[in-house]
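Beneath this line is the structure, given in structure tokens, with notes to follow.
The values are calculated or read from the model by the stated rules, or taken from the named source; none is laboratory data. In this text, all values refer to a predicted model and were calculated from it rather than measured experimentally. Cβ placement follows ideal geometry from the backbone for every residue including glycine, while neighbour counts extend to all protein chains displayed.
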Amino acid sequence: MTEPVASEAAAAYLRLAMCRGFGPVLITRLVDHFGDVHRACQATHHQLSKIEGFGPGRAAALSAAIAGADVQTIIEGCSASAIRLICRDDPAWPMALRQIPDPPIVLFLRGDIAPEDTLAVAVVGARNCTLYGREQAEKVGRELAQAGLTVVSGGARGIDTAAHWGALRARGRTIVVTGCGLGHCYPPENDQLYQEILDRRAGCILSEMLPDEPPLAENFPPRNRIIAGLALGTLVVEANLRSGSMITARLAADDYGREVFAMPGRVDSPCSSGTHHLIKIGGAQLVESAQDILESLHLVSDGQATSPPHSPPDLSPPNTAPITGAMAAAPQRTPNSRQRPTPRSQPLSPESAGNSAAANFAQDAEADAEPLIFSGPQSKIIAAMAGEKPVSIDELCQLTELPAAVIVADLTMLELRGIVKRTPDRLFRRCDDLLRNAIHHG
């Protein structure tokens, strides 16, 4: 039986997403108020007017917009164009987007989102970049993919495109977050890049915009938050002071508590004015290679980046099955799957396990491995969650003295394994029943 283009919940969220003038924060507040997206769509004008931030006028506009949304036409168009629609209630929804305050309402995507995409780094920069910038973006994209990380970027000309190609050349995964609907290919010359991603089952092209939304200038800044939200950290390769890349960096650092990195360039190059500014004010860590990023995110083992073996691309049709909890714990092995390092016969030492979130995923992937094994940072997080009261990411940072990026990465891994559960108000609590036979590496 063919999998539906959209779940019932995704169709309901799409109805809300089609209401012009109501962004993700208000829609989230609306759904939280009623406790269910279907009840939110069925709410009366009077009920809507009682929600904070709405009022009678806005409630009337929203009620009319919900009633007038032609959801079925959009879903039929997605089906004809091989576009999949997911929402935050779907298992395939990216874990990292559950941890930001303004997630997209829905995502349209071509390709697939895999459990290993939770270990991702964004690479962004100028469209009108220098040859040096393109070379460095391609190099760092390739190195990150070789280390087992997914490269996230915006598919724009210049730095973005170079980073995507770098990941593909390393047989790695990459995610394109477009600034238009998936009914358009923008920029047009990236048609081959997008097709390569799909043919190799090497990631996805996604957007929060309706498929027919054109690549207008005002559509690009909002997508930057998705790029920042999907990644553990954001690298700015080249950017001037007033650019979308600087917006992405600010969102990553100030709004989402993620790491920001910047690559230095020529001191007299306008293309590097933004990156140099970030370094000068302490808004970004200076990096010279992917190794610096891996070390900062604690994604190295004994000083060496984890490296999956290179395997030939798999050109079979994309697998768009939903990512269930079991699949998250034990990803399906295909010829194109990046085999994570550290097989069970050669476990990490306690010292290296404590510093390797990427290697943790290899242990997680062995679904039948008993007892449960946790790294040093994961053990600290689990210990800090003792008691009945759920805790926030900020509280875990204070209790464990671990960097926010490490907390986010390992919380995601623990949630995928069912060790940790997230509450509706974005707090976390541990599941003690699964911890009885655990081994904690210091």
Check on ILE75, buried (at least 23 other Cβ atoms within 10 Å of the Cβ), in contact with a helix residue (DSSP H, G or I) (Cβ under 8 Å, 6 or more places away or on another chain) and touching a residue at least 40 places away in the same chain (Cβ under 8 Å): no
Among the candidates ASP89, ASP32, ASP117, residue that is closer than 26 Å to ALA228 by Cβ, in a loop (DSSP other than H, G, I, E, B) and modelled with pLDDT of 90 or more: ASP89
Answer from LEU206, LEU210, LEU168 - the residue that is part of a strand (DSSP E or B) and modelled with pLDDT of 95 or more: LEU206
Hits in region 150-169 - residues which are more than 18 Å from GLY244 (Cα to Cα) and over 20 Å from the mean Cα position of the chain (by Cα): ARG169
Given (1) of a type in the set (S, T, N, Q); (2) at pLDDT below 95; (3) not in a loop (DSSP other than H, G, I, E, B), index of the condition GLN136 fails: (2)
ARG266 vs. criteria over 28 Å from GLY21 (Cβ atoms), of a type outside the set (S, T, N, Q) and either in contact with a Lys or Arg (Cβ under 9 Å, 6 or more places away or on another chain) or at pLDDT below 95 (or both): yes
Unique residue being out of contact with any Lys or Arg (no Cβ under 7 Å at 6 or more places or on another chain) and within 19 Å of GLY233 (Cα to Cα) when the list is GLU196, GLU143, GLU135: GLU143
Residue in region 224-241 that is more than 19 Å from the chain's Cα centre (by Cα) and of a type outside the set (A, V, I, L, M, F, W, C) present: yes
Subset of region 160-184 (residues that are basic (Lys, Arg), surrounded by fewer than 22 Cβ atoms within 10 Å (Cβ to Cβ) and within 16 Å of GLY111 (Cα to Cα)): ARG171
Subset of region 92-106 [in a loop (DSSP other than H, G, I, E, B) and either assigned by TED's automatic domain parsing to the domain that holds ARG422 or touching a residue at least 60 places away in the same chain (Cβ under 8 Å) (or both)]: ALA92, PRO94, ILE100, PRO101, ASP102, PRO103, PRO104, ILE105
Counted residues, region 41-72 - those being crowded, with 16+ Cβ neighbours inside 10 Å, of a type in the set (Lys, Arg) and not in a helix (DSSP H, G or I): 0
Residue among ALA239, ALA252, ALA228 that is assigned to a loop (DSSP other than H, G, I, E, B), aliphatic (A, V, I, L, M) and surrounded by 24 or more Cβ atoms within 10 Å (Cβ to Cβ): ALA239
Tally, over region 78-91, of residues that are surrounded by 23 or more Cβ atoms within 10 Å (Cβ to Cβ) and either under 12 Å from the mean Cα position of the chain (by Cα) or under 26 Å from ALA167 (Cα atoms) (or both): 3
Region 9-40, residues that are surrounded by fewer than 18 Cβ atoms within 10 Å (Cβ to Cβ) and free of Cβ contacts under 8 Å to residues at least 24 places away in the same chain: HIS33, PHE34, GLY35, ASP36, ARG39
Filter result for the condition that a residue is β-branched (Val, Ile, Thr), farther than 18 Å from ILE83 by Cα and touching a residue at least 12 places away in the same chain (Cβ under 8 Å), over THR178, THR161: THR161
